[in-house]
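Student: Here it is, the structure, as structure tokens.
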Amino acid sequence: MAPFYYYPGWWEGSLNLSLYINDKAFNSLNNEYKAIVRAAAMEAHVTCQARYDARNPAALQQLVAAKAKVLPFPQSVMDASFKATMELYQSLDTSNPDWKKVYADYRNFQRDQVLWFRFAEGRFDNFMSSQKL
């Protein structure tokens, strides 16, 4: 086992599953099959998210018990990683029109979510992290 564990996973803030289906193919399904696809996708995501949340604390405890040093990435690493990611996304914006369309919508959604989390979830998480349970 590696002697160091760095966090956060800046490339992936949490677990998220995606299902991509061709619109034409999906729209050709009858309503029952569409409902089945939606239910299966939701079930897969919820189950996987629950397992991710339930198993990660034990995995972290296992790392600590094995004497791994748990350290935050330095701010310079976080900043450089974010900058490199934004440069890649900018490159994709200029070379891939499909990417640009999807990413623009995603980025707007992400801005709203970051704002919300700053006021609600982030403050609560920081508070709870400082409490002795």
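Student: Stretched out fully, how many nm does the piece from Met78 to Leu115 gain, at 0.36 nm a residue minus the Cα gap?
Tutor: 11.4 nm is the gain from fully extending Met78 to Leu115.
Student: With Rg and Dmax of the Cα atoms in Å in mind, check (1) 18.4, 79; (2) 19.4, 55; (3) 13.6, 41 and report the label derived from this structure.
Tutor: Here Rg and Dmax of the Cα atoms in Å agrees with entry (2).
Student: Continuing with this model, one more query. Take the alpha-carbon centre of segment 68-126, take the same for segment 27-41, and report the distance between them in whole Å.
Tutor: About 32 Å separates the Cα centre of segment 68-126 from the one of segment 27-41.
Student: Net charge near Tyr89, counting Lys/Arg +1 and Asp/Glu -1 over other residues with Cβ under 12 Å of its Cβ?
Tutor: Taking every Cβ under 12 Å from that of Tyr89, the sum is +1.
Student: In deg cm²/dmol and to the nearest 500, what is the mean residue ellipticity at 222 nm of the chain if only DSSP H runs of at least 4 residues count, each as -39500 (n - 2.57), divided by the residue total?
Tutor: Result for the chain: -24000 deg cm²/dmol, rounded to the nearest 500.
Just so you know, all these numbers are worked out from the coordinates, no wet-lab data involved. These figures come from a predicted structure and were not determined experimentally. For neighbour counting, all protein chains shown are included, and Cβ atoms are generated from backbone atoms with ideal geometry for every residue, glycine included.
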